[in-house]
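Q: A single structure is presented below for examination.
Any read-out appearing in this document is the output of simple, stated calculations on the displayed coordinates, not a laboratory observation. Predicted, not measured: the structure shown is a model, and the values here were computed from it. All Cβ positions, even for glycine, are placed from backbone atoms using ideal geometry, and neighbour counts span all protein chains on display.
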Amino acid sequence: MYPTDTIVAPATPAGQGAVAIIRLSGPRAFEIARTLWHPIRQGYSEGADRAVQRWRLRLGEIRDPQTGVTLDRALCVLMPGPDSLTGEDVAELHCHGGVYLVRRIIALATAGGARIAEPGEFSRRAFLNGRIGLTEAEAVADLVSARSENALKQAIAQLDGALARRVEGLRGQIIAIRSHLEAEIDFGDEDIRLPSRKEIACDLTRLLGDVTLLHDSFARGRIAREGARATIVGKPNAGKSSVLNLLLGSDRAIVTPIAGTTRDVIEDSIQLGPWPLVIQDTAGIRDGGDEVERIGIERTRRHVATADLVIAVFDSSRPFEPEDASVIELCAGRPSVALLNKRDLSQRLDAAELLERCLSRDVLDFSALTAAGLPELRELLERKVEAIAGPGQGDTITISRERHRAALASARDAIEAARRNVAAMPPEIVALDVGLAAEALGAITGEVSNEDVLDAIFREFCIGK
Ligand SMILES: Nc1nc2c(ncn2[C@@H]2O[C@H](COP(=O)(O)OP(=O)(O)O)[C@@H](O)[C@H]2O)c(=O)[nH]1
Ligand SMILES: [Mg+2]
């Protein structure tokens, strides 16, 4: 059911700033704004109502309606539905950015009958009123959280409706195939020209290629949006935390000569060319240690399991030890980079020995102390991330959300089933598979969506958006 109440929330982040924006949306938005905000004469002398012309920012004062006490000097704009952000009447108060001040004004709005908005509730209303599509709503969230040029480009393209158009195009083709099959069901006996099963099989194959291509753009899209994740592993004291600090260019992790200093996973991100890379420093791999350290090592293993990339650090000033073998095992079969750290000290371990011990990866001579090998490491990491992200397809569309990927995977599976069945099965069966594919694609743009899906999507938004 469509909500009928009026919501309020700050649209700017909590904290001190020059300006804060408080947003109201719903049937009583204008009325509540007018009880709080009063125009002050600055060059014009209209009455309260006329001074607040729609779509115009006007200067006024915010007053406590109970006491009449002035709280702030603020701008107000009224944006009537259905052409507003949410499709409802929207009022915005642009007040000074004081933490207490904003809280006080919001409290006055709720006393006046507004309800504090849930995260993403403004966007959700915009979606329900047909102001924005689901993928556009998600693009707004992506735009706000973009951390790199690639992420920004992707979000803007999606906001522009590029993804929605592509998905709608694919869905249109599926629906056309389905209508051919249904025509066959209904008029199969009559003498009208329908596409042959062979032609339909051909269409399905082409469609499968396009859906798969879009599905496979996920790796690139996700990495552009969230960054690739690299986990640093190695035995205690190999210099993992020093490598993290060097890459970040700050003393993020504590470095000491005491083995077992890092116990929890510490992470921060850097920019590698167009890609963000989230780097995680972990507890050193070894047997023994206390309870806390053992939990830390368990966490290391879990992080390695889900990382895109492993950075293995070996201490070249010490001979090969059993812990190093465990580290090599962790890297097995995964994209990884090996560093032979501490090359500034006298050498007891070299690349040849690591390779002999089954390390099958690029090994870089390195020193976290002198930063020797740092440019080579950055370059190698960028190449690896590029490889994980997969080949770019020029300016074609990428998906970046698990929700889109899962829907495309279902569509792909259903199209595959249809293609398998198209030669021999009755048209009803094939039409069923094709229908499932259309439904899966429809879920991406919000053609078919239920409350749970909407909850999951809009929960990710911040308050006031
Ligand atoms: N000489 C030298 N010492 C290093 C180097 N990298 C780290 N260290 C030292 O090795 C010790 C352990 O470093 P740390 O980064 O805490 O290792 P972690 O336990 O693997 O995180 C510290 O005393 C560091 O200063 C290096 O490249 N050369
Ligand atoms: Mg450490």
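Q: Which peptide among 407-413, 103-109 comes first, and what is the full order, when sorted by highest mean count of other Cβ atoms within 10 Å?
A: 407-413, 103-109
Q: For the chain, build the charge dipole from Cβ charges (+1 Lys, Arg; -1 Asp, Glu) around the Cα centre, then report which of Val363, Ile32, Ile388 sits farthest towards its positive end.
A: Farthest towards the positive end: Ile32.
Q: Also: For a quick check: with amide H placed at 1.01 Å from N, whose amide H comes under 5 Å from Gly234's, ignoring anything fewer than 5 positions away on the same chain?
A: Ile285, Val313
Q: With a sphere of radius 13 Å drawn around the Cβ of Gly130, what net charge do the other residues whose Cβ falls strictly inside it have (Lys, Arg +1; Asp, Glu -1)?
A: With Lys, Arg at +1 and Asp, Glu at -1, the neighbours total -1.
Q: Another question about this same structure. To the nearest 20 debye, what charge dipole does segment 227-389 have about its Cα centre, counting +1 at the Cβ of each Lys and Arg and -1 at the Cβ of each Asp and Glu?
A: 140
Q: Determine which aspartates and glutamates satisfy two conditions relative to Lys465: a Cα distance under 12 Å, and not lying fewer than 8 residues away in the same chain.
A: Those aspartates and glutamates meeting the cut-off are Glu118, Glu121, Glu138.
Q: On a straight-distance basis, which lysines could pair with Lys384 in a cross-link, Cα separation under 27 angstrom, same-chain partners fewer than 8 positions away excluded?
A: Here the lysines satisfying the reach criterion relative to Lys384 are Lys153, Lys235, Lys240, Lys342.
Q: Sticking with this structure for a sec: Find how much the distance from Arg294 to Glu182 grows on full extension, using 0.36 nm per residue of separation minus their present alpha carbon separation; answer in nm with one decimal.
A: Fully extending the segment from Arg294 to Glu182 adds 34.2 nm.
Q: So how far apart, in nm, are the two label points at Val69 and Ala14 if each is 7 Å from Cα heading toward Cβ?
A: My value for the distance between the label points is 2.4 nm.
Q: Can you find, among Leu208, Ala312, Thr6, the residue farthest towards the positive end of the dipole of the chain? Put +1 on the C-beta of Lys and Arg, -1 on that of Asp and Glu.
A: Result: Thr6.
Q: For Met425, what is the net charge nearby, where nearby means another residue's Cβ is under 13 Å from its Cβ and Lys, Arg count +1, Asp, Glu -1?
A: So the surrounding residues net to 0.
Q: Something else now. Neighbour counts of other C-beta atoms within 10 Å: give me Ile415, Ile232 arranged from fewest to most.
A: Ile415, Ile232
Q: Now for a separate question. Can you give the net charge of the other residues whose Cβ lies under 12 Å from the Cβ of Ala409, counting K and R as +1 and D and E as -1?
A: Local net charge: -1.
Q: Something else: How large is ³J(HN,Hα), in whole Hz, for each residue of segment 83-94 in order, when computed from phi with the Karplus curve 6.51 cos²θ - 1.76 cosθ + 1.60 and θ = phi - 60°, using x for Gly and Pro?
A: So the Karplus estimates, Gly and Pro as x, are 8, 8, 3, 9, x, 9, 5, 10, 10, 10, 10, 9 Hz.
Q: How would you order 326-332, 154-160 from highest to lowest mean count of nearby Cβ atoms within 10 Å?
A: With the highest mean Cβ count within 10 Å placed first, the list reads 154-160, 326-332.
Q: Among rounded, prolate and oblate, which fits the chain when a ≥ b ≥ c are the square roots of the eigenvalues of its C-alpha gyration tensor, a/c under 1.5 means rounded, and a/b larger than b/c means prolate?
A: Oblate, since a/c reaches 1.5 and b/c is not below a/b.
Q: Could I ask something else about it? Rounded to the nearest 20 debye, what is the charge dipole size of segment 7-132 about its Cα centre when +1 sits on each Lys and Arg Cβ and -1 on each Asp and Glu Cβ?
A: Computed about the Cα centre, the dipole is about 80 debye.
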